1. Considering just Cα atoms, how many Å³ per residue does the convex hull of the stretch 72-123 enclose?
2. Before rounding to the nearest 500, sum -39500 (n - 2.57) across all DSSP H runs of length at least 4 in the chain and divide by the residue total; then give [θ] at 222 nm in deg cm²/dmol.
3. Counting DSSP beta bridges with both partners in the stretch 7-124, what percentage is antiparallel, nearest 5?
4. Please give the residues of the stretch 1-40, grouped as numeric ranges, whose backbone N is less than 15 Å from a label point set 7 Å along the Cα-to-Cβ vector of Gln119.
5. Which value, in debye to the nearest 20, describes the size of the charge dipole of the chain about its Cα centre when Lys and Arg Cβ atoms bear +1, Asp and Glu Cβ atoms bear -1, and nothing else is charged?
6. Given R₀ = 30 Å, what would the calculated FRET efficiency be for Val78 paired with Ile54, taking r from the Cβ atoms and rounding to 0.05?
7. Lys/Arg Cβ at +1, Asp/Glu Cβ at -1, dipole of the chain taken about the Cα centre: which of Asn30, Met17, Leu64 is farthest positive-ward?
8. What ranking of Asp111, Asp16 emerges when the number of other C-beta atoms within 10 Å of each C-beta is taken as an exposure proxy, fewest first?
Amino acid sequence: MNFRLPIIHIRIKHGDMAFQTNALIDSGANGTFIPLEFIDLLGITNPEETELTIGAGGTFNSYLLNLDSIECLKANEVFCSFNNFLVRVPSAYDIIPFVIMGRDSIFTSFDITFRENKQLIILRPPKK
């Protein structure tokens, strides 16, 4: 059986740099994580201080960084953005394969339903 990961398209912006990539919507992640490789693309210098982070793959050190914005895209149109947003960045390469959007980001803006049998992700604004 093939499983489709809950992936959305995003645009990361910082300073004069921006690029599009994919992000995993991860209900098990408390925070949002950006691969170290992407921080290099944005020209950001890593802070010296790291924190021990626990993930599904074990423990690793990570930096805390503020990004100008992460925009969620559908057909290249922005449907949600997180501005001046704090992310975790592993301090070593190849710790995570892509951006992980956790409970501090996409889950604060949407009620999310995973329909595994239809390989579908439904994002709805929360009812008030």
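1. Hull volume over Cα atoms, normalised by residue count, gives 126 Å³.
2. Values: 2 runs with 11 residues, N = 128.
Taking each H run of at least 4 residues, the total per residue is -2000 deg cm²/dmol.
3. On the way: 36 of 40 bridges.
Restricted to the stretch 7-124, the bridges split so that about 90 percent are antiparallel.
4. Label zone hits: 1-8.
5. 840
6. Plugging the Cβ-Cβ distance into 1/(1 + (r/R0)^6) gives 0.40.
7. Asn30
8. Ranking Asp111, Asp16 by Cβ neighbours within 10 Å, fewest first, gives Asp16, Asp111.
Only the coordinates and a few stated rules stand behind these numbers; no lab work does. What you see is a predicted model, and the numbers here were worked out from it, not measured in a lab. So basically every Cβ, Gly included, is an ideal-geometry build from the backbone, and we count neighbours across all protein chains shown.
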